[in-house]
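Have a look at the structure below, then the notes.
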Amino acid sequence: MSSRTELSAHDDQPAPTVTVLGLGPMGRALAAAFLAAGVRTTIWNRTPGREGALVEQGAIAAGSAEEAVAASALTVVCVVDYNASDAILRREPVVAALKGRTVANLSADIPERARETAEWAARHGIGYLDGAIMTPTTTIGTPAGVFLYSGPEHLHRAHRPVLDTLDGSHTHLGEDIGRAAAYDIALLDIFWTSMAGYAHALAVAKAEGVSARELAPFAQGISAILPALIEQSAEEIDNGSYPGDGNPITSSASSMAHIIHASEAHGIDAGVLRAAEGLARRAIGLGHSTDGFLRITEVLGRR
């Protein structure tokens, strides 16, 4: 569900508040969206000097991290990774100030780190939600933003009115605190392997005298095939079937071999495709020659 909720204080209710720790591009976008929705926003960054524009918009710049977290029931953290968030949150004055409050950590990292941080928070009486932002800074504060959360449902429900002011879609994925990070890793895997494939395609095309502009409309056509394939294959994969009707994995391996040969003829590194072809050949060797390419999902886990 996507809706922008603007909060305002009433005579019998205090103004909604939030603290944002981390003022990189995404942190600044989050703080700006909260401010635009009328949320009293306290900000802090390890490196001073990024507060100016936000303060002009009404943000309150805290002098320390402990002062910042003490200003709000909800603290949103958005830094480069959990090493960075740990360096902020686990200092004794901050830990003491956070007791009885909630942290929503929107920094990127792996599920194991999310679970470990949740255990740390529980030991110190701190509410903890893990989250992931799946869209770029330009979408924050618009219906195009996508936010994922995991952790205690009652905490998500309690802070949803403030989080919703960021606009976009907000999905609570369940009580397992590592679930948002798991989605984040899987979805970014799709993105970066796709971008690596596109970069390789551009290199091959350029070597053959085809410009990026000439290739672009056809590249978009190829990418448009993927949504239907993803939807169609989801139930099959969950059921453990990988039908290769019309396009068996043997055909996939042959196609990849052609790309590898064309690439290496121009001196272009084909390591990524060689790895993918190797997985396909391994699946064929295991007796899955009539299955589809996604059979390698099972092969990837074999040792």
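Do we find that residue 117 is of a type outside the set (Asp, Glu), touching a Leu at 6+ places or on another chain (Cβ under 9 Å) and not assigned by TED's automatic domain parsing to the domain that holds residue 230 in this structure? Yes: the conditions hold for residue 117.
In the range 224-243, which residue that is among the hydroxyl-bearing types (Ser, Thr, Tyr) and in a loop (DSSP other than H, G, I, E, B) is farthest from residue 266 (Cα to Cα)?
For the range 224-243, the residue satisfying everything is 241.
For beta carbons closer than 6 Å, sequence separation of 6+ or different chains, a first residue in the range 262-285 that is within 25 Å of residue 208 (Cα to Cα) and a second that is in a loop (DSSP other than H, G, I, E, B), the qualifying pairs are 263/270; 264/270.
One residue stands out in the range 185-227 among those that are among the polar types (S, T, N, Q) and farther than 22 Å from residue 275 by Cβ: the one that is nearest to the chain's Cα centre (by Cα), namely 220.
For the range 189-239, the candidate set comprises residues that are in contact (Cβ under 8 Å) with a residue 40 or more places away in the chain and of a type in the set (Gly, Ala, Ser); within that set, the residue that is farthest from residue 296 (Cα to Cα) is 207. When 142, 165, 135 are checked against the criterion of being of a type in the set (Ser, Thr, Tyr) and crowded, with 17+ Cβ neighbours inside 10 Å, a single residue qualifies: 165. The test for being touching a Ser or Thr at 6+ places or on another chain (Cβ under 8 Å), within 19 Å of residue 295 (Cβ to Cβ) and either in contact (Cβ under 8 Å) with a residue 12 or more places away in the chain or surrounded by 12 or more Cβ atoms within 10 Å (Cβ to Cβ) (or both) does not hold for residue 243.
Residue count for the range 113-129, restricted to those that are under 21 Å from the mean Cα position of the chain (by Cα) and over 15 Å from residue 154 (Cβ atoms): 5.
Condition test on residue 162, is it β-branched (Val, Ile, Thr), more than 19 Å from residue 35 (Cβ to Cβ) and assigned by TED's automatic domain parsing to the domain that holds residue 28? So residue 162 does not fit the description; no. In the range 246-275, the residue that is surrounded by the fewest Cβ atoms within 10 Å (Cβ to Cβ) out of those that are in a helix (DSSP H, G or I) and β-branched (Val, Ile, Thr) is 272. Only one of the listed residues (82, 149) is more than 21 Å from residue 32 (Cβ to Cβ), modelled with pLDDT of 95 or more and among the aromatic types (Phe, Trp, Tyr). That residue is 82.
Only one of the listed residues (197, 221, 278) is assigned to a helix (DSSP H, G or I), within 17 Å of residue 295 (Cα to Cα) and modelled with pLDDT of 95 or more. That residue is 278. Against the definition (at negative phi, at pLDDT 95 or above, surrounded by 22 or more Cβ atoms within 10 Å (Cβ to Cβ) and assigned to a loop (DSSP other than H, G, I, E, B)), how does residue 23 come out, yes or no? Yes, satisfied. Tally up the residues in the range 176-194 that are assigned to a helix (DSSP H, G or I), surrounded by 16 or more Cβ atoms within 10 Å (Cβ to Cβ) and small (Gly, Ala, Ser), please. Within the range 176-194, residues that are assigned to a helix (DSSP H, G or I), surrounded by 16 or more Cβ atoms within 10 Å (Cβ to Cβ) and small (Gly, Ala, Ser) number 3. Residue 297 meets all of the listed conditions (1) in contact (Cβ under 8 Å) with a residue 60 or more places away in the chain; (2) touching a helix residue (DSSP H, G or I) at 6+ places or on another chain (Cβ under 6 Å); (3) of a type outside the set (Phe, Trp, Tyr) but one, namely (2).
The values are calculated or read from the model by the stated rules, or taken from the named source; none is laboratory data. All values derive from a computational prediction rather than experimental measurement. With ideal geometry, Cβ positions are generated from the backbone for all residues, glycine too; neighbour counts draw on all protein chains shown.
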